[in-house]
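This report concerns only the one structure given below.
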């Protein structure tokens, strides 16, 4: 424990050392991935740990034994599951005979969704933000880490990081925004004729194939539903990436503890479940996370992962749909390019200026890409 006036700073190697109620009280808008239930389920069901290179060292700041600030924090032994790629940095360390690992990362593992990384009781930001930053730097130096990285922080956190002259990286994702649409056709009517016809054609293919959909939450999804989805998810990783990090116990645990924030979309054909997608919601956002299928059917992915999610947002008045990282194919389906950010502190002084030049060039490149993608928007041109 480190005392700073009336504040006490502690690092916790298990999230269950911190009160769920105290942690969740700091999470704005019920952000699902930052809730104690979600992060703790990763630890309980072995989705993080040494075998995946994510070792919890969560930061907590107490005042008079009351939790007033916190940060999801991990000691990283690799760069797996971060979605902010730093392999060239690792190579630079190796070229001069230094080890890039361990490093410290504040993020939600395997989850490229923007959200607060420094969770602070309202009104204490000006005190707790600097305390948290200094504590992270001190821990990085203590464990000989190459640096400290905050991945996909929200705008408030980014304002602070920029004020402290941290290194800033940009990337581009594709998000859908709800313009108070009354129904799916109301949304389609805002698109260009060609894009509108294409979406209707894709949806008609699925309908003509006899595929139907169920949108379930943590209350209505049954054990068999989760078993089916988990098999789809595991199968996709076996085919493409080789190592699935989540598992059936994790999916069921989060659904049970966050039932109203869980959306499981299942596709059925002739009485058999053939595909599924898993999403989670906050008060304002829907986040697409995982998908899988045991068949290859044209447009099934688009319907299961995108159009069902858009319909759900319209029905529930959810303002933003973030379907995940990358994917220019989302443009034609009503998603527009959005800049995402990360902030970085580097322990080796000799690398700071070269990396800063790299990030500045990267920011310009990403912005040029965003503008190019925006010109390809599916929406009608406005005058």
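When region 330-356 is examined, which residues are found to be in a helix (DSSP H, G or I) and either in the same structural domain as residue 302 (by TED's automatic domain parsing) or more than 19 Å from the chain's Cα centre (by Cα) (or both)?
Pass one, region 330-356, residues in a helix (DSSP H, G or I): 330-333, 349-356.
If the condition is that a residue be in a helix (DSSP H, G or I) and either in the same structural domain as residue 302 (by TED's automatic domain parsing) or more than 19 Å from the chain's Cα centre (by Cα) (or both), then 331, 332, 333, 349, 350, 351, 352, 353, 354, 355, 356 are the ones that fit.
Can you tell me how many residues in region 159-179 are in contact (Cβ under 8 Å) with a residue 24 or more places away in the chain and closer than 16 Å to residue 307 by Cα?
5
Condition (residue is surrounded by fewer than 17 Cβ atoms within 10 Å (Cβ to Cβ) and either in contact (Cβ under 8 Å) with a residue 40 or more places away in the chain or at positive phi (or both)) applied to region 145-158: is it met by at least one residue?
Among the residues of region 145-158, at least one is surrounded by fewer than 17 Cβ atoms within 10 Å (Cβ to Cβ) and either in contact (Cβ under 8 Å) with a residue 40 or more places away in the chain or at positive phi (or both), which makes the answer yes.
Given the residues 306, 369, which is the only one that is surrounded by 16 or more Cβ atoms within 10 Å (Cβ to Cβ) and either farther than 24 Å from residue 152 by Cβ or over 20 Å from the mean Cα position of the chain (by Cα) (or both)?
369
Does region 210-226 contain at least one residue that is touching a residue at least 60 places away in the same chain (Cβ under 8 Å), in contact with a strand residue (DSSP E or B) (Cβ under 8 Å, 6 or more places away or on another chain), at positive phi and exposed (fewer than 15 other Cβ atoms within 10 Å of the Cβ)?
yes
Say whether the condition of being within 16 Å of residue 107 (Cα to Cα), assigned by TED's automatic domain parsing to the domain that holds residue 133 and either within 19 Å of the chain's Cα centre (by Cα) or part of a helix (DSSP H, G or I) (or both) is met by at least one residue in region 1-14.
no
Given the conditions (1) within 22 Å of residue 262 (Cα to Cα); (2) part of a loop (DSSP other than H, G, I, E, B); (3) over 19 Å from the mean Cα position of the chain (by Cα), and given that residue 51 satisfies all but one, which numbered condition is not satisfied?
If we test residue 51 against (1) within 22 Å of residue 262 (Cα to Cα); (2) part of a loop (DSSP other than H, G, I, E, B); (3) over 19 Å from the mean Cα position of the chain (by Cα), just (1) comes out false.
Out of all the residues in region 258-297, which are assigned to a loop (DSSP other than H, G, I, E, B) and under 15 Å from the mean Cα position of the chain (by Cα)?
Within region 258-297, 282, 284 meet the criteria.
The values are calculated or read from the model by the stated rules, or taken from the named source; none is laboratory data. Keep in mind it's a predicted model, so treat the numbers as computed, not measured. Every residue, glycine as well, gets a Cβ built from its backbone with ideal geometry; the counts of neighbours run over all protein chains shown.
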